[in-house]
Each structure stands twice: as C-alpha cells, then as structure tokens.
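This report refers to the structure that appears directly beneath it.
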Amino acid sequence: MSVSLQSIISVACAALAIFSAFMPWATMDATTSAVSNAASLFGVGASFQKSYTLAQFSQLSSDWGSYRSMGVSGGEWFMAFFVIWLVALFLIAGGAAYYLAKRSAGGKRYMLVGLVVYAVLAIVCMMLLGSSRDFTSDFTGELVCLFACAAGIVFAIIAGNPQRA
C-alpha cells in the first residue's frame, strides 16, 4: 500500500506538535512576585526565572506549591492541564501510528481530536500564562504547537478527501 504525500505531511506535523512539548511553554518570573523578596533576603538576588516545558508541568505544579507558600497565588489548574496534555499526546501519537499502519479513518479521527485538543491547550496556556502577573512566556513552544496542529489537521483532512487535493 502506498501512503499519500498528504498523509506523510499530516503525520510529520503531528510529530512536530509532539516535539513542541519539549520546548519552553512557561517561564516562572519571580521579579514581579513575592519570591523575589524572599530571594533577596537570602542574598540570592532579586531576579529568578525558571522555564518549563509541557513535560515538566507536574514539576511546575510542585514548584507552584512552594512559591504559593511565599505569597504567590493561583496555579491550581496545572495538574488538570498536565493530564489533558498527556491524553492529547496519546491520541496524536497513537492515532498517527494507526492511521499510517492501517490506513484507517479511526486512526485519523483520533489524531485529529488529539491535535485539536493540543491546539486548544496551547491557546489556553498563552491566554493564562500571558495574562498572569507571576508568569511570563515567550510562546515559542505554543506557537510551534499551533502551527503544527493546524497544518496536521489540514493535511489529514485533505488526505482523507483526495478529490479536494
């Protein structure tokens, strides 16, 4: 069985979307929080930044608990975000593999659902982390994710409807 160019591109975009999980998605910036005050008391300095990838969201949740004890508020949504992210990655990877191996519409559907969920998480992450006073983000990981998800969705749809190509 031959695999169409659109199928290959859609799976490559899905792989790029998964790769984006290993790029920085959030940066803890303590210069605007109570953490900088605590750090300056111990002579560590007034500036503190730590970047997190999606794969480190469980660590971010743990760190957030420590920072919250120093006066930083919010951040309780991290574990739910992490679980949804894991489900989306499983759907993308499993759907893409099944789609290529069996040429099945079911695999394409799982991959598409995973890509849509992953894109929504990227948008939510940009909105929440970009508007929080205790977080800054350069959005590199999220933008790569959005581009890859959008392209993967488009090419998967085209691959499923060759008459549109």
So F90, is it at pLDDT 75 or above and over 28 Å from S7 (Cα atoms): no
Only unsatisfied item for S137, checking (1) open to solvent by 10 Å² or more (accessible area, probe 1.4 Å); (2) at pLDDT 90 or above, is (2)
Residue check, Y67 crowded, with 17+ Cβ neighbours inside 10 Å, modelled with pLDDT of 70 or more and part of a helix (DSSP H, G or I): no
Condition first: of a type in the set (V, I, T), over 29 Å from A105 (Cα atoms) and either at pLDDT below 80 or open to solvent by 60 Å² or more (accessible area, probe 1.4 Å) (or both). Now tell me which residues in segment 1-59 satisfy that. T27, T31, T32, V35, V44
Taking interchain pairs and intrachain pairs at least six residues apart, which have beta carbon atoms under 8 angstrom, with the first residue in segment 119-139 and among the charged types (D, E, K, R) and the second at pLDDT 80 or above and crowded, with 16+ Cβ neighbours inside 10 Å? D138/P24
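The values are calculated or read from the model by the stated rules, or taken from the named source; none is laboratory data. Treat the numbers as computed from the prediction; the structure is a model and nothing was measured. Glycine also receives a Cβ, built like all others from the backbone with ideal geometry; neighbour counts cover every protein chain displayed. What goes into the accessible areas is simple: the full protein's heavy atoms, side chains included, and nothing from ligands, DNA or RNA. Shrake-Rupley method; radii C 1.70, N 1.55, O 1.52, S 1.80 Å.
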